[in-house]
Amino acid sequence: MKRGVVGAGLVLAGLLSGCVPAPLRAQPGAQLRLTVTPGTRAVQPVTGEEALYRAPGPGSLLVGTDRAAFVTSVVLPAQGGALVLPTVQTRPGEVVAAPLPATQGFTQVFTVASLQPMPLDGAAGARSVSDVSRAVEGAARALPAGSYTVGTTVYRVVRFGTLDVTSNFGDALVRVNGVRVGTTPLSVPDLPEGQVSVEVSRAGYKTVTQRVNIAGDSVNRVDVKLRPVTGTLSVRSDVLADLFVERRPSGSVQPGVGLDLALRPGVVALNVVPRDRRFAPQNLLVRVTADRVSPVICAVQGGSYTCTLP
C-alpha cells in the first residue's frame, strides 16, 4: 500500500491543508501517489507574495500518478459555482496537462485521482469547500478502500501595477512592505493591486513612510521630500544678544522672547555676544539631540552675564 501525497503544488495549498475537510486531503493508505503542479510559474513580486498569477491564471495543471488512474479536477473560484473539468487518464510516470479555466481572485482546485472512474458531477455548481467535500465523499463510497487520493492547488489571479519612487535625493533607500527594493529613483514592477507600505530613508534624514494604493495595469508614482533630522537649540537671554553657531551668524535673541534654532544632532560651538558691551561674550559647547530641545539660559547675576546649560 502506498500513501497518497500532494505534489509540489503551491506553498499556500500546504498552509491551508489543515482547513480542508478530510475527503479533500491526500488520503492515508491510498494505493496511488499523485503529483499536481501549476502549468506556468507564478509571478514573483519583490514583496514576497506567493501563488499570484496574471489573468487568466496558471492555464493548466501538470498531473502525474505512479499508477494508471482517472484524474478529475474540481475548480472552486472566488465567484460562482464549482466547475468539474473533464476526466483525464494517466499512465505510470506520465505527466498530463489538464487545462484550467480562467478565473479571478482566490481559486481552489481539488484534483481527485482514482484507480476506477469516480463520477464527480455532484460537485458541479458547489459554492463552498464543504459542498465539494460532500460530493467527493459520496462518490468515494462506491470505491474500494484506498482507491483514491486528492491534491489541492490554491492561487490568486490579480492585476499588477508598477510603483515609481522618487525623492529629493538620488540615493535614498526604498522599502516596500518592509522589503528593501533599491534606491531612488526606482521603478518596482509586478506589485499586486492593493495597499502597500512605502518607506524612504537616508542617513541623517527623517524616514518617510506612506501607504500607497497600487492600481492594476498602471504606473503608481510617489515623490518623497526628505527633511534633515534635527534637534532644537533654545536660547533665552536677559539682554539683547547676537548668536553665532560654528562662527556663523544665526540671529538675535531678545529679552523675554528667546530664539529657537533647528540644528543637526551633534556638539556645536555657540557664541552669545551681548549688544551691551559691558557684558562679556559667552562661548559654549552644546550637544544637540535629535527631536529634543537643548536649552541655554543666559542671565545677568551680580553684574556678570553668564550662560548655562540647565
#### Entry: Filtered residues of region 53-80 (kept if over 20 Å from M118 (Cα atoms) and touching a residue at least 24 places away in the same chain (Cβ under 8 Å))
Y53, R54, A55, P56, G57, P58, G59, S60, P77, A78, Q79
### Message
Given the condition among the polar types (S, T, N, Q), farther than 22 Å from F106 by Cα and open to solvent by 40 Å² or more (accessible area, probe 1.4 Å), answer yes or no: does some residue in region 145-152 qualify?
### Response
no
### Message
Restricting to region 87-141, give me the number of residues that are touching a residue at least 12 places away in the same chain (Cβ under 8 Å), in a loop (DSSP other than H, G, I, E, B), under 26 Å from G29 (Cα atoms) and open to solvent by 30 Å² or more (accessible area, probe 1.4 Å).
### Response
9
### V36 being modelled with pLDDT under 95, surrounded by 15 or more Cβ atoms within 10 Å (Cβ to Cβ) and at negative phi
no
### Query
Could you say whether any residue in region 202-210 is open to solvent by 70 Å² or more (accessible area, probe 1.4 Å), more than 28 Å from A262 (Cβ to Cβ) and at pLDDT 95 or above?
no
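Residue under question is G258, and the condition is that it be farther than 30 Å from L173 by Cα, open to solvent by less than 30 Å² (accessible area, probe 1.4 Å) and modelled with pLDDT under 95; does it hold?
Details: farther than 30 Å from L173 by Cα: yes; open to solvent by less than 30 Å² (accessible area, probe 1.4 Å): yes; modelled with pLDDT under 95: yes.
Yes.
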### Message
For the structure I just gave you, tell me whether L226 is in a strand (DSSP E or B) and either within 46 Å of the chain's Cα centre (by Cα) or exposed (fewer than 15 other Cβ atoms within 10 Å of the Cβ) (or both).
### Response
no
### Summary
Within region 282-310, restricting to residues that are open to solvent by less than 70 Å² (accessible area, probe 1.4 Å) and small (G, A, S), the one that is nearest to G256 (Cα to Cα) is A299
#### Entry: Within region 42-86, considering residues that are assigned to a loop (DSSP other than H, G, I, E, B) and within 14 Å of A97 (Cα to Cα), the one least open to solvent (accessible area, probe 1.4 Å)
P58
### Task
Filter region 270-281 down to residues that are open to solvent by less than 80 Å² (accessible area, probe 1.4 Å) and touching a residue at least 24 places away in the same chain (Cβ under 8 Å) and give me whichever is farthest from V300 (Cα to Cα).
L270
### Query
Just a yes or no: is a residue in region 294-305 at pLDDT below 95 and touching a Lys or Arg at 6+ places or on another chain (Cβ under 9 Å)?
yes
### Of all residues making up region 167-182, the number that are open to solvent by less than 60 Å² (accessible area, probe 1.4 Å), of a type outside the set (G, A, S) and in a strand (DSSP E or B)
5
### Query
Going by the conditions given, is V267 under 21 Å from A203 (Cβ atoms), open to solvent by 40 Å² or more (accessible area, probe 1.4 Å), at pLDDT 95 or above and hydrophobic (A, V, I, L, M, F, W, C)?
yes
#### Entry: Residue in region 249-264 that is touching a residue at least 60 places away in the same chain (Cβ under 8 Å), at positive phi and not aliphatic (A, V, I, L, M) present
no
### Task
Specify the residue that is farthest from the chain's Cα centre (by Cα); the eligible residues are those in region 231-249 that are crowded, with 17+ Cβ neighbours inside 10 Å and under 22 Å from Y205 (Cα atoms).
V245
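The values are calculated or read from the model by the stated rules, or taken from the named source; none is laboratory data. Keep in mind that what you see is a predicted model, and the values were worked out from it rather than measured. Because the Cβ atoms are built from the backbone with ideal geometry, glycine has one as well, and the counts that use them run over all protein chains shown. The accessibility values were calculated without ligands, DNA or RNA, using every heavy atom of the protein model including side chains. Shrake-Rupley method; radii C 1.70, N 1.55, O 1.52, S 1.80 Å.
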